[in-house]
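Throughout, read-outs are computed from the coordinates displayed, never taken from laboratory work. Just so we're clear, the structure is a prediction, and the values are computed from it rather than from any experiment. Cβ atoms come from the backbone with ideal geometry, glycine included; neighbour counts cover every protein chain shown.
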There are 2 protein chains.
Amino acid sequence: MPMDHQPGGAPARVKDRPTWLISRAFARSSGLLAAGFEAHGGGLRSYHYRLLAALEEWGPASQADLGRATGIDRSDVTAVLSELESRGLVARSADPAHGRRNIVTVTAAGVAQLLELDGVVDGVQEQVLDPLTEAQRRQFVALLAKLLG
Amino acid sequence: MPMDHQPGGAPARVKDRPTWLISRAFARSSGLLAAGFEAHGGGLRSYHYRLLAALEEWGPASQADLGRATGIDRSDVTAVLSELESRGLVARSADPAHGRRNIVTVTAAGVAQLLELDGVVDGVQEQVLDPLTEAQRRQFVALLAKLLG
DNA sequence: ACCAGTTGTTGGTCGCGCCAACATTTAACT
DNA sequence: AGTTAAATGTTGGCGCGACCAACAACTGGT
């Protein structure tokens, strides 16, 4: 390796490609998010946040519905819900009308935790977008939205 | 779950946040990349591409240097290099001046594979940016670059 | 009554990123 | 020169997000 290619860099055919930039942006974004959750999120992760948010927004739901509404796989919903339940943030109760189905509810503590996580997530948005001006932030978000159809 | 919230969606407090959009953009981007590599990339993945690119660009190097130049962990470099070696795309030889160090070289077949992967990667850029106009693509890339400092 | 579909659960895979430990070897310092 | 520090390649492991397959229990449609 003749010269010093500042550590963490990438080959020329890689470093300017949109897919690479997107993956770096994601690394930055998810890194900051993970740091925020670890520092002020009670050790929860993004799956927990998504499920709490879904429950608070749409009210009690079955696990299958939660999975469909959030795009999280049924099996992962099961696991994450068990963690939330053991923390008292969520409650599972049997659906009287359907033998197998559970009805999942957010507890008051769960709502409180969600609100706290909201603050963490808001702070991370600030950090992520910090290098951009207000106008650029709006442009960036608009372009992302269009990219995602 | 009273109403149908189109599957794969996300709660309101999630779906418009920049971190979420970035993660969706990454999911799309890396999904297309994975599909491209699987279809026309000989079963290689992005680590293989990054290492081949680094070798082609900077010439023979030690594994540690490759790791530093690409941002890939030493241990992962070892594993991926072994796969590339077993495919004949790369060659490891002992450094005469240093007992422990290896000198890694791209073979002709490795360069050929790299060029093929270049085509795949180029095609994926097209797919990823497809929803944007030319001007928007330039804006988007510029904003990503600024975001990443 | 039967079959098809749903639900919750278990257990597994994959990619990317990262870390710890270890033997081996080289370089730096006293 | 001798001791210590650092570098190198390798093994084995972890975490997260995202999937998939299979299964028993249960429901609904025909």
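Using only the alpha carbon atoms of the protein assembly as shown, find the Kirkwood hydrodynamic radius as the inverse mean reciprocal pair distance, in angstroms to one decimal.
About 21.7 Å, per the Kirkwood formula over Cα pairs.
Which whole-number percent gives the relative contact order of the stretch A:41-120, counting Cα pairs below 8 Å spaced six or more residues apart?
34
Residue separation times 0.36 nm, minus the C-alpha to C-alpha distance between residue B:45 and residue B:135: what's the value?
Working it through step by step, the gained length comes to 29.4 nm.
Cα centroids of the stretch A:24-74 and the stretch A:82-120: how far apart, whole angstrom?
13
Along Cα-to-Cβ, 7 Å out, sits the label point; list in nm, shortest first, how far the one on residue A:87 is from those in the other copies.
Relative to the other copies, residue A:87 has label-point distances of 4.1 nm.
Percent relative contact order of chain A, based on C-alpha pairs within less than 8 angstrom and at least six residues apart?
23
Taking chain B as the reference, fit the longest principal axis to its C-alpha atoms, fit the long axis of helix B:46-58 to the helix C-alpha atoms, and give the angle between the two in degrees, 0 to 90, nearest 10.
For helix B:46-58, the angle is close to 50 degrees.
Considering only the other residues whose Cβ falls under 15 Å of the Cβ of residue A:18, what net charge follows from Lys and Arg at +1 and Asp and Glu at -1?
Combined, the nearby Lys, Arg, Asp and Glu give +4.
Which loop trypsin sites (Lys or Arg not before Pro) in the stretch A:85-114, with loop taken from DSSP, have no more than 16 other Cβ atoms within 10 angstrom of their Cβ?
A:87, A:100, A:101
Helix-only estimate, please: 222 nm mean residue ellipticity of the protein assembly as shown, summing -39500 (n - 2.57) across DSSP H runs of length 4 or more and dividing by its residues, to the nearest 500.
About -21000 deg cm²/dmol.
Pairing the Cα long axis of helix A:18-40 with the longest principal axis of chain A, what angle in degrees results, from 0 to 90 and rounded to the nearest 10?
50
Provide, in order from the shortest bin, the percent of all Cα-Cα pairs of the stretch A:41-120 in each 10 Å bin, continuing until the bin that contains the maximum pair distance.
Pair shares across the bins are 19, 58, 21, 2.
Would you be so kind as to identify which of B:148, B:58, B:110 lies farthest towards the positive end of the dipole of chain B, taking Lys and Arg as +1 and Asp and Glu as -1 on Cβ and the Cα centre as origin?
Of B:148, B:58, B:110, it is B:148.
Nearest beta-carbon of B to the rotation axis carrying it onto A: which residue, how many whole Å?
B:26, 2
Hey, what's the per residue convex hull volume over the C-alpha atoms of chain B, in cubic angstrom?
Measuring per residue, one finds 168 Å³ for the Cα hull of chain B.
If you place +1 on the Cβ of every Lys and Arg and -1 on the Cβ of every Asp and Glu, how big does the dipole about the Cα centre of the stretch B:1-115 come out, in debye to the nearest 20?
Dipole of the stretch B:1-115, to the nearest 20 debye: 320 debye.
Over all residues in B:53-61, what is the mean tally of Cβ atoms on other chains that come within 10 Å of each residue's Cβ?
That average works out to 4.
Residue B:45: net charge of surrounding residues, Cβ under 10 Å, Lys/Arg +1, Asp/Glu -1, itself excluded?
Residues close to residue B:45 contribute a combined charge of -1.
Any idea what diffusion coefficient the stretch B:96-143 gets from Stokes-Einstein, in µm²/s, Kirkwood Rh on alpha carbon pairs, 20 °C, 1.002 mPa s?
Taking Rh from Cα pairs, D becomes 153 µm²/s.
One decimal, nm, shortest first: give the distances between the label point of residue B:142 and those of the same position in the other copies, each label point 7 Å from Cα along Cα→Cβ.
Residue B:142 label point versus its equivalents elsewhere: 1.4 nm.
FRET efficiency for residue A:101 and residue B:15, Cβ-Cβ distance as r, R0 = 35 Å, nearest 0.05?
0.85
I'd like the orientation of helix A:134-147 relative to chain A: the angle between its Cα long axis and the longest Cα principal axis, in ° from 0 to 90, rounded to 10.
On a 0 to 90 degree scale, this one is about 70.
Residue A:111 to residue A:75: extension gain in nm, 0.36 nm per residue of separation minus the Cα-Cα distance?
Value of the extension gain: 10.6 nm.
In a shell of Cβ-Cβ distance under 13 Å around residue A:30, excluding residue A:30 itself, what net charge do Lys and Arg (+1) and Asp and Glu (-1) give?
After counting each charged neighbour, the total is +4.
Once the label point is placed 7 Å from Cα along Cβ, list for residue B:112 the distances to the corresponding points in the other copies, in nm, shortest first.
Result for residue B:112, in nm, nearest copy first: 6.7.
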